[in-house]
Amino acid sequence: MDLEVRHLRALCAIADTGSLHRAARQLGVAQPSLSTQLRRIEHELGGPLFVRARTGCRPTPLGRLVLSRARPLVAEMRSLVSEARAAATGGPELRVGSTASKALAGWLRRLRARGQDPSLHMNVSPNALLRMVADGQLDVAFVHEVEGCPLRIPEGLRLRVLVDREPQFVSLPADHPAAAHLVVQVRELADDRWMIDPTVDGEWDAVQRMFRAAGISPHVLHGDYHTAAALVATGEVVTVCQPTALSRPDTAVRRLHGDPLGVRLLLAARTETDLDGALPALEEAYRETAHQSPPYREWLERDASPRAPALP
């Protein structure tokens, strides 16, 4: 088997996420397919590249050697593609990475209006996106840092804080008894099934701390938040959600009493120039999105700290 760039990209994804499952999601492939590919790569290179354990995957000495050579090659290939596309279209491409956010559409729209040509790479892992910026695979990344679970910031990255602390709300079935109140006590949800995405960096740890502080131990299902939203609508689960999420006829977004969960919203880049070029559009888009969410707008106007984003 001849090694190709896609094989090196797979190795980098496994190292960055620390998990075959998360790496497969990032790459958009099935986990069994990625496992088979890894075994073939290891056979070609003559030894194991990762130690597999219940806690995840970590590089072996051989793996660290291969990764040290693979990362620059992957970054150079990304740069080659980006420069070629820019030359073909006559304009520079801004390679944007982001975790999920309702402000994303408005941000991309504003970047285009400013003459930039953004491409988009989504990932549930902020740490993976930061690594991609550091490796030159992305120009900027909009990420969140779960309170109590610091991100691993690669050396050389520049950061700007969009929101110092964004509270996380809860999404309930519309007919849930707690949905009758604008503010919900965590203890009111002790008998509900919760769905949490454990692949989001720091999320599961933070939710567990919230449960312990409230003195509850609810039944928890693990799944992505797109699935969670669908199950909330059918009355199967409750789930954590961003405060910019909107209630629907079959769901209700409510604030958690005491704001026990919070995240810091960050924009990362390698240069101040890239940050200056992308941040104003992101700030505008976030204000617009926050303005459209009545529960979050009320929180900002009544309860927010001075460092929260100002609304128009």
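The values are calculated or read from the model by the stated rules, or taken from the named source; none is laboratory data. In this text, all values refer to a predicted model and were calculated from it rather than measured experimentally. Heads up, the Cβs are rebuilt from the backbone with ideal geometry, glycines too, and the neighbour counts pull from every protein chain shown. The protein model used for the area step is the full one, side chains on, heavy atoms only, and it has no ligands, DNA or RNA in it. Shrake-Rupley method; radii C 1.70, N 1.55, O 1.52, S 1.80 Å.
Assorted remarks:
- The ellipsoid equivalent to the alpha-carbon distribution of the chain has semi-axes of 35, 26, 16 angstrom, derived from the gyration tensor eigenvalues as √(5λ) and listed largest first.
- Folded to 0 to 90 degrees: helix 5-17 orientation relative to the chain principal axis, Cα: 40
- Helix-only [θ]222 nm of the chain, DSSP H runs n ≥ 4, -39500 (n - 2.57) each, per residue, nearest 500: -13500 deg cm²/dmol
- Relative contact order for the chain, counting Cα pairs under 8 Å that sit 6 or more residues apart, in percent: 19
- Paramagnetic label zone (point 7 Å from Cα along Cα-to-C-beta, Val220; backbone N under 18 Å) in region 169-189: 169-171, 186-189
- Label separation (Arg109 vs Arg52): 4.6 nm, computed from points 7 Å beyond Cα along the C-beta direction.
- Accessible surface of the chain, 1.4 Å probe, proportion on carbon and sulfur as whole %: 51
- Folded to 0 to 90 degrees: helix 61-89 orientation relative to the chain principal axis, Cα: 80
- Within region 158-182, backbone nitrogen closer than 18 Å to the virtual label 7 Å beyond the Cα of His257 toward Cβ: 168-172, 176-182
- Cα-based values for region 183-312, radius of gyration first and Dmax second, are 16.4, 50 Å.
- On Cα atoms only, tilt of 203-214 relative to the major axis of the chain in degrees: 30
- Per residue, the chain exposes 49 Å² of solvent-accessible protein surface, assessed with a 1.4 angstrom probe and all protein chains in place.
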